[in-house]
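Taking it in order: structure first as structure tokens, then the write-up.
The values are calculated or read from the model by the stated rules, or taken from the named source; none is laboratory data. These figures come from a predicted structure and were not determined experimentally. Here the Cβ positions follow ideal geometry from the backbone for every residue, glycine too, while neighbour counts run over all protein chains shown. Side chains are part of the model used for accessible areas, which takes the heavy atoms of the whole protein and leaves out ligands, DNA and RNA. Shrake-Rupley method; radii C 1.70, N 1.55, O 1.52, S 1.80 Å.
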Amino acid sequence: FTPADLKRLDDERKARQAAYKAEAETRKVEAAAAEKLRKAAEKADAERKRKEEEAERKAAVLAAQEEKVRVAQEEKARKAEAAVVAASAAAAAAEEDTRRREAAARDRIADARRQQEDIMRRQREGAA
């Protein structure tokens, strides 16, 4: 080999080493970028899961509140219905009581008329 051949071979060797070194550096940078992307994806996934869980908790709380309101409204409706039934029963009882009082008053009036007629008949019989 001539000195020029040796120089050329040495230059080729150095160029190959530089290429290998550059390729290794590129792989290293790509690996670091891929790791950053993976970590960012994991972080985004964790954040998404956290938000989903928070939304589910809020939905559960809202559903519980809605159920509580529904039960309270049903209870109010039951109480109102019971009040209507009680008022209706009280009105019916008052009506019945009024009918009894009116009947008793009619009976007393009829008794008073009979007594008056008896007195008047006795007076006519006594006068005759």
Note: among 54, 75, 95, 67, just one is open to solvent by 100 Å² or more (accessible area, probe 1.4 Å) and either touching an Asp or Glu at 6+ places or on another chain (Cβ under 8 Å) or among the acidic types (Asp, Glu) (or both), namely 95
Of 21, 39, the only residue that is part of a helix (DSSP H, G or I), of a type in the set (Lys, Arg), over 54 Å from the mean Cα position of the chain (by Cα) and modelled with pLDDT of 95 or more is 21
